[in-house]
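Notes to accompany the following structure.
Please treat every number below as a calculation from the coordinates, not as lab data. Quick caveat, the model's predicted, so the values are computed rather than measured. In this analysis, Cβ positions are derived from the backbone assuming ideal geometry, glycine residues included, and neighbour counts consider all displayed protein chains.
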Amino acid sequence: MYDPKSLKAEEFIDHGEVLETLRYAEENCGNREVLDSILAKARLHKGLTHREASVLLACEDKEIVAQVEALAREIKQAYYGNRIVMFAPLYLSNYCVNGCVYCPYHYKNKHIPRKKLTQEEIAREVMALQDMGHKRLAIETGEDPVHNPIEYVLESIKTIYGVHHKHGSIRRVNVNIAATTVENYRKLKEAGIGTYILFQETYHKESYETLHPTGPKHNYAYHTEAMDRAMEGGIDDVGLGVLFGLELYKYEFAALLMHAEHLEAVHGVGPHTISVPRIKHADDIDPSAFDNGIDDDTFCKIIACIRVAVPYTGMIISTREGEEVRARALELGISQISGASRTSVGGYVEPEDESESSAQFDVSDKRTLDEVVCWLMKLGNVPSFCTACYREGRTGDRFMSLCKSMQILNCCHPNALMTLKEYLMDYASPVTRLIGEELIRKELPRIPNEKIRQFVERNLEKIEKGERDFRV
Ligand code: SAM
């Protein structure tokens, strides 16, 4: 039944194969010979199969876990270096017809204020985001064909790209909306989106159906096959994710990797990103009502194992997580983080009182973008506002080959430095600017190609003089 090349959800995420993987992992997680051979393969930085990675995840031996974490750090550095891409979510509408039991947007929730931004309100939100320094957004909506039809999403994307406030502009709009048709994915592609993100929530079909009792999202196959339709519609950067806490994490982990393998097998390109959201408190939602919550150590171990198994993928952590966990996660493989997020509709212009909030979930990291940027640099990272790849047509397998050929230092690193410089000039506090300028000075010599290094040096001077938007 299991067939990674099949286009049927129940065949590429075959329940029997997941269970067999878990059994194999339990049986071998204490077997030194098997562990050593998996670790030896992982050291090649070419990834692991879902079965191999599941053995590492199941292993409780402290010394092995430490080795996996060290490898995750090494792989993250090799593929992504020390740069961290910044983004913010933008909630357009919380109208929703689904009944997802973990999400406050569920249609039975009568006390959450329902809001849908007008185009003028979107423009104001975008200006507020630009004034912080954001260049990359992920737009979010509930699923509601009447309130949030695809035309509304397309018009909103146009509005977002059209706002240029002072030195600001949004240069990449990623989209996190419900599973839709090939035709609608094509329209999103034509509207110039970056990544299409859709969280699976859970790969366990029976649980999925219970957790999504009503509405279009109830259809497991339609949801699980969405990325194939997105790819058919021409979107070649897709982002996977599981909402940890809903089901047993080992099940989700194996299935998530099977999904990544499926995309590689069918489309020749794996997930552009993998997100690792954990369930949070929200209006009408008590996370302790879900039995499968994971502690911080397990969460970090999952991140390290994903990094080792899928070395090329971007990994995203949101403000669902607080400073401490984010710091650990950055070390273990995260390459993109959000900053200063508001999960309420219209929340960037008018922050809401928590008691009457339209928010999707409580945010743990409440720092400003400037504080997050400064903190990242103090931890030795280069915050990046780069959006070059998709604007240069480096999407899908073209991005993957750049990543897999380790050209990051000649391409992404220079772009990170130039966009960081823009941030420092336009938005940073004096302290952040000081730290950032020093960091850029230190990082410049690390660009191996001399011509590119000189190009960057020239552009940094031009940015000082007021010019913007350079890229390799
Ligand atoms: N409505 C679209 C969908 O169904 O995919 C868009 C996604 S929704 C705006 C963004 C994501 O937030 C969901 O996919 C879900 O994983 C996550 N989410 C929902 N409720 C949450 C909660 N209580 N805590 C943390 N994350 C939550």
Quiz item: Roughly what would the spin-label model give for Glu20 and Glu206, points 7 Å off Cα along C-beta, in nm?
Solution: 1.9
Self-check item: Euclidean distance of C-alpha centroids, segment 243-312 and segment 59-75, integer Å
Solution: 18
Practice problem: May I ask you to derive the relative contact order of the chain, considering only C-alpha pairs under 8 Å and at least 6 residues apart, and to give it as an integer percent? | Solution: 20
Exercise. With both partners inside the chain, how many of the DSSP beta bridges are antiparallel, as a percent to the nearest 5?
Key: 5
Exercise. Quick one: go through segment 231-253 and flag any residue whose amide nitrogen is under 11 Å from the point 7 Å out along the Cα-to-Cβ line of Ser288.
Key: none
Practice problem: Taking just the C-alpha trace of segment 398-464, give me its Rg and Dmax in Å. | Solution: 12.7, 39
Quiz prompt | the chain, dipole about Cα centre (Lys/Arg Cβ +1, Asp/Glu Cβ -1), debye to the nearest 20 | solution = 1900
Exercise. Taking H placed 1.01 Å from N in the peptide plane, check which residues at least 5 places from Ile139 or on another chain put their amide H under 5 Å from its amide H.
Key: Leu90, Asn174, Val175, Asn176
Quiz prompt | Of the trypsin sites (Lys or Arg not before Pro) in segment 96-129, those whose Cβ has at most 13 other Cβ within 10 Å and which sit in DSSP loop | solution = Lys108, Lys110
Quiz item: Normalised by the number of residues in segment 9-77, what is the relative contact order in percent for Cα pairs under 8 Å and 6+ residues apart?
Solution: 33
Self-check item: Global form of the chain, assessed from the alpha-carbon gyration tensor, a/c cut-off 1.5
Solution: oblate
Quiz item: What is the projected area of the convex hull of the Cα atoms of segment 55-197, averaged over all directions, in nm²?
Solution: 12.4
Quiz item: Mind checking the dipole of segment 398-464: about its Cα centre, +1 per Lys or Arg Cβ, -1 per Asp or Glu Cβ, Debye to the nearest 20?
Solution: 340
Self-check item: Normalised contact order of segment 334-472, rounded percent, pairs of Cα under 8 Å and 6 or more residues apart
Solution: 23
Quiz item: For segment 9-77, what does the alpha-carbon gyration tensor say about shape, rounded, prolate or oblate, given a ≥ b ≥ c as the root eigenvalues, a/c under 1.5 as rounded, and a/b over b/c as prolate?
Solution: oblate
Quiz item: In whole Å, what is the distance between the alpha-carbon centres of segment 152-196 and segment 4-23?
Solution: 33
Quiz item: Kirkwood Rh, segment 289-428, all Cα pairs: how many Å?
Solution: 17.1
Self-check item: With at most 12 other Cβ atoms within 10 Å, longest stretch of the chain clear of loop GluC sites (Glu not before Pro) (DSSP)
Solution: 61-466
Practice problem: Evaluate E = 1/(1 + (r/R0)^6) for Arg186 and His164, where r is the Cβ-Cβ distance and R0 equals 30 Å; express this FRET efficiency to the nearest 0.05. | Solution: 0.65
